[in-house]
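Input: a single structure, listed below in structure tokens.
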Amino acid sequence: MKVMKPIIGAHISGGLSVCVENAERIGAQTMQIFGSSPRMWRTRMPLADEVAEYKKVLGKSSIKKVFLHSAYLVNLASSSPDIYSFSIQSLVDHLKIADVIGAEGVIFHLGSTKGGDRDEGFEREVLAIKKVLSTVPGGTQLIMENTAGGGDKIGAEISDIARLLNSVNSPRVKVCYDTAHGFEAGLVESYTKESVKKLFDEFDKKLGIENIVAIHANDSKTISNSNHDKHENIGEGHIGINGFEALASDSRLHDKAWILEVPGFDGEGSDKKNIEILSSCFKGS
Ligand SMILES: [Zn+2]
């Protein structure tokens, strides 16, 4: 049986001027980049000539889809008025960058209530997401990523993400499923054909599988249900090659962009070898 392969790529470091080249060097067909420094609230908007040059290089490349990753500091569930408003502003800026460079959208983490009331946390998330979308009109997407859980985090459960997606009710709100985070959150004990089918049946039922636009394909250094987020190279962690073969066997995931965020075999980030290993999981299943 011939199996369709999804587009596979990686998180790529380097600014707009070099990321396309860096992505092509490892054979990526899709890439995720930071729009600005991920550890700062302040966002630097790219200059018009940087964008023009980037678009020229991208147009000639084999990269089909580009995603931005938000700053790590973003926490739309925060009860601190400062962190909340900085988070909204940071996402607004990143969504503007995504729009300017023609990216699909911005992938972001849902944050934590840090001990505060959970329902209020969800309300803050919904209001913030609506605010960001109305501030930056257009078609670019806000893409919610599931988390490894722990620490009052929002987004470890499928129902958390479904609750937000259904409450905001905008076609611009999408989902990114991180294979390591789902495993670490205990959504599966292991990825087998059966557990993968069950998992994505549940996604489909609760939020519509078509709303998942990206898969963060990462192995996990920690065990299932550890609530401890630590990525590993494909096949080197507790998910293992069998786990990725099981994920690859679900054809409902073949129209998603598969993006690696792994340490790399030489410790320099996602590399060609990881892309090749992941890619080989799609053969003959
Ligand atoms: Zn991720």
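Nothing in this text is a laboratory measurement; each read-out follows from the coordinates by a stated rule. These numbers were taken from a predicted model, which means no experiment stands behind them. Neighbour counts run over all protein chains shown; Cβ positions are idealised from the backbone, glycine included.
For segment 133-227, relative contact order (Cα pairs under 8 Å, six or more residues apart, normalised by length) works out to 34 percent.
With Cα atoms defining each centre, segment 111-134 and segment 1-68 are spaced 29 Å apart in the structure.
Ordering of 190-201, 151-162, 25-36 by packing is 25-36, 151-162, 190-201, highest average first (other Cβ atoms within 10 Å, averaged per residue).
Would you mind checking segment 61-96 for residues with the amide N under 17 Å from a putative spin-label position 7 Å along Cα→C-beta of Trp41? Counting only backbone N, you get 71-94. Under the criterion of Cα pairs below 8 Å and six or more residues apart, the relative contact order for segment 60-139 equals 38 percent. For the peptides 168-181, 39-52, the ranking by mean Cβ contacts within 10 Å, running from highest to lowest, is 168-181, 39-52.
For segment 12-280, the relative contact order works out to 14 percent when only alpha carbon pairs closer than 8 Å and six or more residues apart are counted.
Among the DSSP helices (H) of the chain, those spanning at least 20 angstrom by Cα along their long axis with an average Kyte-Doolittle hydropathy of -0.5 or more are 81-101, 118-135; this is a geometric and hydropathy rule only.
Peptides 78-88, 258-268, 240-250 ranked from most to least packed by the mean count of surrounding Cβ atoms within 10 Å: 240-250, 258-268, 78-88.
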